[in-house]
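To start, the structure under review is shown below, and the notes come after it.
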Amino acid sequence: MPDRLMLLDSASLYFRAFYGVPDTVKAPDGTPVNAVRGFLDIIAKLVTTYEPTRLVACWDDDWRPQWRVDLIPSYKAHRVAEIVAGGHDVEVVPDPLEVQVPMIRETLDALRIPIAGATDYEADDVIGTLATTATIPVDIVTGDRDLFQLVDDGRDVRVIYTARGMSNLDVITGDVVTKKCGVRPDQYADFATLRGDTSDGLPGVSGVGEKTAASLLSQHDDLAGIIAAAEAGEGMSAGLRSKILAALPYLEVAPRVVAVARDLDITVTGDDLTPLDPPATETARELAERWALGGSMDRVLAAIGVEDA
């Protein structure tokens, strides 16, 4: 089997698991475990379907980095449950999910699936770095279309897109990005900057939607070319030119917020997806019994090659 690295956008997946499995699923002590079970089922399906040889759970060590907020104060502001002075803001997370996040991490540790994060950076940035520095093909599993900017057909980096659910996964290659959005993957960050994204609190350029953003990039190639054309008064209508010029303060900072980091100092060890040794398997089964994870743990163990799973 050829080597292939799979990078999990962990928060994207455990939120999907939480809302996809009934909250009546609980451990014997009454603790909800629907997100834990759903997350394990997601991993089992992904490993079985796409056969990665390496797997990394990428983590938000800071889901709303202050340096991004300093550039665009509205960045993810609508998701803030509590502002913590001098610390990380608290994200709006349902209580039944919040209690399960440490359980998910403990389960990943038991399965020896490495968890990778970086101080002051989001999982997207960890994914960007690992995908860029990988020397083997990469599958990025996420429901976040911003990661389309990492697609690279030449290096066989693709996105397994979960937006339509785990039963309708989309494999996003360069051709698919172009067909869906009208831009190349290397233009996607500029496209997202122009269009904006309400889910991330990015205002975009007023009056510029996806079609206009794609058209501008088709004509001028990148954001720098668009700004140069607007300043020169060439290659666009007067109305569109005025919109670009009015948005220059935003356009000066937004690309740094939208672009994922690709050069963080991240070391991941133990990421070979091989059958667990007996002590690790025993630990995984102990967690399965303690939290009533049932067939979900069995399916993960079978997917990674543990006999009699």
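Every number here is computed from the coordinates shown, using simple stated rules; none is lab data. These figures come from a predicted structure and were not determined experimentally. A quick note on method: Cβ atoms are made from the backbone with ideal geometry, for glycine too, and the neighbour counts reach across all protein chains shown.
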Quiz item: By how many degrees, 0 to 90 and rounded to 10, does the Cα axis of helix 101-110 deviate from the longest principal axis of the chain?
Solution: 60
Quiz item: How far is helix 278-291 tilted, in degrees, relative to the longest principal axis of the Cα atoms in the chain, given as a value from 0 to 90 rounded to the nearest 10?
Solution: 80
Quiz item: Put +1 on the Cβ of every Lys and Arg and -1 on every Asp and Glu Cβ in the chain; which of 268, 5, 182 then has its Cα farthest towards the positive end of the dipole?
Solution: 182
Practice problem: Specify the angular offset, from 0 to 90 degrees and rounded to the nearest 10, of the alpha carbon long axis of helix 248-258 from the longest principal axis of the alpha carbons in the chain. | Solution: 20
Quiz item: GluC sites (Glu not before Pro) within segment 180-246: which are DSSP loop residues with at most 16 other Cβ atoms inside 10 Å?
Solution: 234
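Would you kindly state how much longer the chain becomes between residue 198 and residue 135 on full extension, computed as 0.36 nm times their sequence separation minus their alpha carbon distance, in nm to one decimal?
Full extension of this stretch gives 19.2 nm more.
Loop only per DSSP, at most 12 neighbouring Cβ atoms within 10 Å: give me the GluC sites (Glu not before Pro) in segment 87-145, ordered by residue number. Walk me through the numbers before you get to the answer.
Working: sites: 91, 98, 106, 122; in loops: 122.
Answer by residue number: there is no such site.
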Exercise. Return the label of the correct value of Rg/Rh (Cα atoms, Kirkwood Rh), as calculated from the structure shown, out of (i) 1.01; (ii) 1.05; (iii) 0.93.
Key: (i)
Self-check item: Extension gain (nm, one decimal) between residue 84 and residue 224, 0.36 nm per residue minus Cα-Cα
Solution: 46.8 nm
Quiz item: Within segment 88-127, what residues put their amide N at less than 18 Å from the label point 7 Å along the Cα-to-Cβ vector of residue 289?
Solution: 107, 110-111
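Sort 236-246, 213-223, 270-280 for me by packing, meaning the mean count of neighbouring Cβ atoms within 10 Å per residue, highest on top.
Listed from highest to lowest mean packing, they are 213-223, 236-246, 270-280.
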Practice problem: Tell me the label-point distance for the pair residue 3, residue 253, using the 7 Å Cα-to-Cβ offset, in nm and rounded to one decimal. | Solution: 4.1
Quiz item: Hey, what number do you get for the chain at 222 nm if only DSSP H runs of n ≥ 4 count, each worth -39500 (n - 2.57), divided across all residues, to the nearest 500?
Solution: -13500 deg cm²/dmol
Quiz prompt | Filtered trypsin sites (Lys or Arg not before Pro), segment 85-164: DSSP coil and at most 14 other beta carbons within 10 Å | solution = 164
Exercise. Among 251, 239, 204, pick out the residue whose Cα is farthest towards the positive end of the charge dipole of segment 185-258, where Lys and Arg carry +1 and Asp and Glu carry -1 on C-beta, about the Cα centre.
Key: 239
Self-check item: Cα-centred dipole magnitude for segment 62-144, charges only on beta-carbon of K, R (+1) and D, E (-1), debye, nearest 20
Solution: 120
Quiz item: What is the dipole size for the chain, taken about its Cα centre, with +1 at each Lys and Arg Cβ and -1 at each Asp and Glu Cβ, in debye to the nearest 20?
Solution: 1000
Quiz prompt | Cα centre as origin, Lys/Arg/Asp/Glu Cβ charges: segment 185-258 dipole, Debye | solution = 240
